[in-house]
Structures are given as C-alpha cells and as structure tokens.
1. Tally the residues that are surrounded by fewer than 23 Cβ atoms within 10 Å (Cβ to Cβ), of a type in the set (A, V, I, L, M) and within 24 Å of L404 (Cβ to Cβ), restricting the search to the range 144-184.
2. Being open to solvent by 50 Å² or more (accessible area, probe 1.4 Å) and either outside any loop (DSSP other than H, G, I, E, B) or modelled with pLDDT of 80 or more (or both) is the filter here; which residues of the range 306-325 pass it?
3. Quick check on the range 145-177: of everything there that is in a helix (DSSP H, G or I) and among the β-branched types (V, I, T), which residue is farthest from A127 (Cα to Cα)?
4. When you scan the range 58-138 for helices (runs of 4 or more DSSP H) that lie fully inside it, which ones turn up with 3 or more residues that are among the small types (G, A, S), over 17 Å from the mean Cα position of the chain (by Cα) and crowded, with 17+ Cβ neighbours inside 10 Å?
5. Quickly run through the range 327-356 and pick out the residues that are within 30 Å of C396 (Cβ to Cβ) and surrounded by fewer than 19 Cβ atoms within 10 Å (Cβ to Cβ).
6. Residues that are modelled with pLDDT under 90, crowded, with 17+ Cβ neighbours inside 10 Å, under 20 Å from W215 (Cβ atoms) and of a type in the set (G, A, S): does the range 271-280 have at least one?
7. Please give the number of the condition P188 fails out of (1) open to solvent by 30 Å² or more (accessible area, probe 1.4 Å); (2) touching a residue at least 24 places away in the same chain (Cβ under 8 Å); (3) not in a helix (DSSP H, G or I).
8. Kindly list the number of the only condition in (1) farther than 30 Å from A144 by Cα; (2) modelled with pLDDT under 90 that fails for S32.
Amino acid sequence: MVAYAPVLPALATVLLLCVPTAGPDPGAAATSRITPADAASAVLVLCCAVTVLRGGRRVLSPAAAVVLAAPAVAFGLAAAVAADPYAGLTGFCRYAQVFVLLPASLVLLLRSRRDFRLVAGAMVVLALVQGAIGVHQYATGTGASYAGRPVRAVGTFGALDVMGMSTVVAYGTVVALAFALAPPAGAPRWFRGAALGCAAALAVPLAVSFSRGAWIATGLAALVMLLLTGVRRALRVLAVVLAAAVVLVGGAGVGTELIGERLSSITRVTAAPDRSVTDRYAMWDAAVSMWRDAPVAGVGLKGFPEHRDGHASLGLSSGSDTAGAGQDFQREPLLSPHNMYLLLLSEQGLAGLTLVAGSWAALLAAGARRLLRTRHATRGHGGEDGDGGVPGGRGCGLAAVGLLVWQGVDFLYADIGGPSTVLTGVLLGLAAWWAFAPAAVAPRGAGPGGYGPLPKGAP
C-alpha cells in the first residue's frame, strides 16, 4: 500500500465522480457546489506541495514549467480586469485548479508508467459505472428529457449536466482503446481483449447520451490513435467497427430511430439547425462581439453571463429546458458560449486564448513527438505492440495523445462546467506527464523515475 500512496489522491479524485452530486438544490450541484472529487483534488495538490517542500521530488523541467504556468498568467490577467472582483477571484481559483495545479501535481507525483496506468484505469472504471447507470436510464425511461422522452443517459450527473456522463464515458473509451492497441509489456493474453471489450461496451452509453460533440470527438480521437499504430491496422479495425455498427443498428435495431435522427442532425447544423444549435450560434456571435470590444484581455473571468445580453442577437432564447433523471422541469439559463475557445476569447481576450490554447498545443506536440520516437525505438529493438522492455510505454502515449485530441475537438462544442470538470485537470496531468516526465520513456527496471526521489547529494 505504501508503494501506491502517492497515486491514491489521484485515484480518489477520479473514482469519487461516481458519487451522485445532486442535492436539495440541483442547480447548485451543476454550478458552485464543492463535490467530493473537488475535495480529493485539493488533497492531491496539498500532497504534492508537501512532497515538493520536503524535497522528495524534483522540480518541473523548464519546458514543463513554462507550458503549465502559461495559463496561470492568462487567468491572472483576466481576473484583474474582471468587473466583479469576487467573480474574478473565484474564476481564477477554478481555472487554476483545473488547468494548472492538478496537471502540475500529477506530473510531480506520478513515478512510473504503472502509476499512469492506474489513474487511466480508474477513468475506465468510472466510465463503466456511469455508463451502466446511463444505459439503465435509457432502457427504463428514467433519464433526462430528450425529444420529449426521458431516455437521455446522464449517469449520476443529472439533467442539468447532460454532458457529464458523455465526457466521462468518452474518456474511458479512449483510454481502453489505447491500451487495447498497445498493451503494456508482460500483460496477460486476456488484457487486450478485456480492454477492447471495455471500449466496445462503452460505445453503448456513449450512443444513448445523444451528445453529438462527444461522438465526433471520440471518433476523431480513435482515428488518430489507430493511424499512429499503423495504417493497415487502422483499416482492419475500422472495418470491424463498421461491421459491428451495421449489426447493432441495422440488424438489431438498437436505438435506430432516436440515434439515427441525432446522427443525421449533425449534417443539418447549417441547413436546418435545431433550437439548441441556433442558440449556440447566437452565443458564439456574442462571444466574438465581446472580444471585439476588449480584444487584448477580454471582459474578465466570469464576465460572459453579464455581457451576454448586450451582445447577443434577438434570436437567442432565454434558456434551455431541462427535466428528468429525478429532477423536475426547469429553465436553465445559457451562461456560456458552449465553445471553450470562444469562452477564452471573450473573457480573456487574445492574450488568454494564445497562452491557454498554446499550452494545450504544446502538450499535444510534445506528447505526439515522444510517442513517435517511442514507436521508432520499439521497431529498432524488434519490439511488438507493447513497450517491449525498451524505452516505450506506447499505450500510455496513445492514451495521452488520444485524450488530448478528444478534449481539443470537444472544446469546439463545449466548455468547462459541472462536476466532471475536475476530470479535465486529470486528463491534462496525464498528458503533461507523458510529454515531460523522464519516467514516461524510462526502460523497464529503471526505478520509479519521473521527477522522482532526489538521489543523495543531488542539487
């Protein structure tokens, strides 16, 4: 148990998202309530701070420090120009938690690829739990309202956070597929099949979440990971997936009507958009209008809701209808543009967008570069799909790159908010660890590594 102590807070942060967060005031659960996962993330950051202060871990490398600290500069500037100082301060704390403190803490605390796989595996467990609840909601008609029917799978996140379950399930799908494509060295023969089975099982709750953005992001992330393992393998897997989809949807008729209608609506977002898409376009226009008024630093953290009505068109509705999954009907106000990049642009200006999105792009570039180098090194040593005992851990690399691709695509249709937001910080931490920690590509048997224990006499 002592060997796993450094990673326990990270596991708790992920797994405590299984705990339902809805309370007497459902709206508070989706906005300002501190969830058990948030509390666990605070413990994680505290543990990292104590470890660093006691000299038990190396500090971040210069590259990692610059990439992870860049968003903090943007958040500080946006908080300083916020019209409401309290809103600016709370916004700064939340953004710093998710995009700076959690990722940096994971980079410092994870010591080996084993630790990475434990946290990634916890994501899969969380996805399976939430997915099972979501499928039950769909099958029994106890989910959130969709097209007038209570069939939308939302897990324990409730009708006010309809994206929560789809996000969690998509993360689990990406991780499971990554380790099915590149299992760790020495893994038993059943490991690949189990990982692939988890990815296939999670496709069901992902489908009945009716989240178009999650579908698109998951498909693109899976395609990128497949291509990174080889074109021929990608073609074989795509053929199997297509055949399975034809059997499930075409033959068995699984969710044919509702899922088919939702799929076809993706191609009508410009020709014949529904009300949700129309509102989203109106909020995007409002975000761009805010940026034009304050191009450098934006309108300040948490400033979008206050400035929305002054910049939105008359076509924007007053809110979205939410009901089901144990919650009564209520009108939920539209408080963000549902596009993370436009939210950054409107509230933090061009400076904020450049620093924050640039940090994510640097993580993706560094992670992809290390993954490609690992692939070439494995080939040079005659390795197979696992890490082969040479500098590798390709499953970890595929998971890190796949998760970053997923998040980058999904942010085109969504932004942060709700209990599942803390998981975004964990994702960025895993990606940063793979991109910058020496232990990510350390040979097997090289010890804990990472930014691990300082040797005696080290500076």
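The values are calculated or read from the model by the stated rules, or taken from the named source; none is laboratory data. Note that the coordinates shown come from a computational prediction; the quantities given were computed from them, not determined experimentally. Here the Cβ positions follow ideal geometry from the backbone for every residue, glycine too, while neighbour counts run over all protein chains shown. Side chains are part of the model used for accessible areas, which takes the heavy atoms of the whole protein and leaves out ligands, DNA and RNA. Shrake-Rupley method; radii C 1.70, N 1.55, O 1.52, S 1.80 Å.
1. Total satisfying the criteria: 1.
2. Hits for the range 306-325 are E306, H307, D309, G310, D321.
3. Here the residue is V162.
4. Where helices (runs of 4 or more DSSP H) fall fully within the range 58-138 and carry at least 3 residues being among the small types (G, A, S), over 17 Å from the mean Cα position of the chain (by Cα) and crowded, with 17+ Cβ neighbours inside 10 Å, they are 62-80, 85-96.
5. Result: Y341, T354.
6. Within the range 271-280 (the criterion being modelled with pLDDT under 90, crowded, with 17+ Cβ neighbours inside 10 Å, under 20 Å from W215 (Cβ atoms) and of a type in the set (G, A, S)), the answer is no, since none of the residues qualifies.
7. (2)
8. (1)
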